[in-house]
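J.: First the structure, then my questions, so here it is.
The values are calculated or read from the model by the stated rules, or taken from the named source; none is laboratory data. Source: prediction; values computed, not measured. FYI the Cβ positions are ideal-geometry reconstructions off the backbone, even for glycines, and counts take in every protein chain you see. Note: accessible area is taken over every heavy atom of the protein model, side chains too, but ligands, DNA and RNA are not part of it. Shrake-Rupley method; radii C 1.70, N 1.55, O 1.52, S 1.80 Å.
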Amino acid sequence: LGPIDFRLLERLSLANGSLYYRMETTHEGFLTLQVDVPKPSKSARLRLYDADPVETDEPAILEQSSLDDGNQRIDWEVAAGQTYYIEVYGNNEDFDLRIANLVHHGGTTVTVHGTDSTDTFEFNAAASRDVTINGIRYHFDDAQVELVTFNGGDGYDMAILDDSVGDDTLTAEEKHAVFSNSDQTPGFTVTMDGFEELHAYAQAGGHDKADLYDSDAKDKFKSEPAENYAKMYGGRMYNRVKFFDVVEAFSSGEKDLARIFDTQGNDLFEGQQDVSWLRTDVFDV
């Protein structure tokens, strides 16, 4: 397979016996192999080697897969530029294999790399710290992670955020965002760069605030408190938040447009030249 940061191999079959792959790592961190929801669960399994299992007599197995959240999976710590061999064995005629070398955990920092293709990054703080990249989830306890960084790189990349039970803050700009909580011990900070689309959800609790900034293009801001969302979009970005208690939108000019809708309740709108507010029972804009 050559050097790999992420690869999805689809519609594989073991009808003719085991499958063997050779690959090289790209980053220091986890090498993760995951068979997606094999049915039955042991019908497609994995072995990892550092020597060719076909050409080597009785090669030593570095790791064998185990069941994790319904998937057969291996996580192995690697350095960049190492060669590994993968064996997929069992009896299954239709399954997918994900190979990822995108996540590094050092100290209390998790670094998530993007690829040159489309990536989806997810962070969920509702139940400790869950980091998911391209369909592969990594779970960390609160004390293990205080900083998460993601850089999408090339391609069309999406970031998805879910809040904690505390008071969280999101600051989102074009291709850059910071999501944080400082009232918990330990708190967390997630920095994201190089993405084209962002979705943030605040449903776990706390008093959450989002600051949405425009770009240097002609952008649009739209808020519908009755539908629990607000978004800044147009130009080269699409940043949307849902269920936040307070949303502030900032325009630097360039003929930006704001559209703000009321709710079915009693709302208060205050308009001035440089700043306007809509205060509702749902959230303030």
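J.: Name every residue in segment 121-139 that is open to solvent by less than 40 Å² (accessible area, probe 1.4 Å) and part of a strand (DSSP E or B), in order of residue number.
T.: Of everything in segment 121-139, those that are open to solvent by less than 40 Å² (accessible area, probe 1.4 Å) and part of a strand (DSSP E or B) turn out to be Phe121, Phe123, Arg129, Asp130, Val131, Thr132, Ile133, Ile136, Tyr138.
J.: Scan segment 194-214 for residues that are assigned to a strand (DSSP E or B) and buried (at least 17 other Cβ atoms within 10 Å of the Cβ) and report the count.
T.: Summing the residues that are assigned to a strand (DSSP E or B) and buried (at least 17 other Cβ atoms within 10 Å of the Cβ) in segment 194-214 gives 9.
J.: Show the residue pairs meeting these rules: Cβ distance below 8 Å; 6+ apart or different chains; first residue within segment 159-185 and open to solvent by less than 10 Å² (accessible area, probe 1.4 Å); second residue part of a loop (DSSP other than H, G, I, E, B) and among the aromatic types (Phe, Trp, Tyr).
T.: Note: pairs meeting the criteria are Ala159/Phe195; Leu170/Phe244; Ala177/Phe195.
J.: Could you tell me how many of the residues in segment 14-71 are polar (S, T, N, Q) and open to solvent by less than 40 Å² (accessible area, probe 1.4 Å)?
T.: Adding up the residues that qualify gives 6.
J.: Looking only at segment 65-76, decide whether some residue is free of Cβ contacts under 8 Å to residues at least 24 places away in the same chain and over 26 Å from Leu161 (Cα atoms).
T.: Yes, there is a match, as at least one residue in segment 65-76 is free of Cβ contacts under 8 Å to residues at least 24 places away in the same chain and over 26 Å from Leu161 (Cα atoms).
J.: Please identify the pairs in which a residue from segment 217-243 that is at positive phi has its Cβ atom under 7 Å from the Cβ atom of a residue that is among the hydroxyl-bearing types (Ser, Thr, Tyr), counting only partners at least 6 apart or on another chain.
T.: Gly235/Ser215; Phe243/Tyr201
J.: Starting from segment 6-25, take each residue that is under 28 Å from Asp116 (Cα atoms) and list its partners that are part of a loop (DSSP other than H, G, I, E, B) and open to solvent by less than 80 Å² (accessible area, probe 1.4 Å), counting only C-beta distances under 6 angstrom and pairs at least six apart or across chains.
T.: Matching pairs, first to second residue: Phe6/Leu102; Phe6/Thr115; Phe6/Asn134; Tyr21/Leu1; Met23/Leu1; Thr25/Ala80; Thr25/Gln82; Thr25/Asn101.
J.: Within segment 215-228, can you find the residues that are closer than 24 Å to Thr280 by Cβ and open to solvent by 30 Å² or more (accessible area, probe 1.4 Å)?
T.: Lys220, Lys222, Glu224, Ala226, Glu227, Asn228
J.: Which condition breaks for Thr191 when tested against (1) over 18 Å from the mean Cα position of the chain (by Cα); (2) open to solvent by 20 Å² or more (accessible area, probe 1.4 Å); (3) polar (S, T, N, Q)?
T.: Only one criterion is unmet by Thr191, namely (1).
J.: Sort out which residues of segment 140-152 are assigned to a loop (DSSP other than H, G, I, E, B) and open to solvent by 40 Å² or more (accessible area, probe 1.4 Å), and write them in order of number.
T.: The answer is Asp141, Glu146.
J.: Those residues that are aromatic (Phe, Trp, Tyr) and under 23 Å from Pro186 (Cβ atoms), I need them from segment 148-175; list them, please.
T.: Correct list: Phe150 only.
J.: Restricting attention to segment 232-254, does a residue exist that is among the charged types (D, E, K, R), within 26 Å of the chain's Cα centre (by Cα), open to solvent by 80 Å² or more (accessible area, probe 1.4 Å) and modelled with pLDDT of 95 or more?
T.: no
J.: Condition first: within 16 Å of the chain's Cα centre (by Cα), within 28 Å of Leu67 (Cα to Cα) and of a type in the set (Gly, Ala, Ser). Can you find one or more residues in segment 167-176 that meet it?
T.: Within segment 167-176 (the criterion being within 16 Å of the chain's Cα centre (by Cα), within 28 Å of Leu67 (Cα to Cα) and of a type in the set (Gly, Ala, Ser)), the answer is no, since none of the residues qualifies.
J.: If you scan segment 105-119, which residues turn out to be closer than 29 Å to Asn181 by Cβ, in contact (Cβ under 8 Å) with a residue 12 or more places away in the chain and surrounded by fewer than 17 Cβ atoms within 10 Å (Cβ to Cβ)?
T.: Hits for segment 105-119 are Thr108, Thr109, Thr118.
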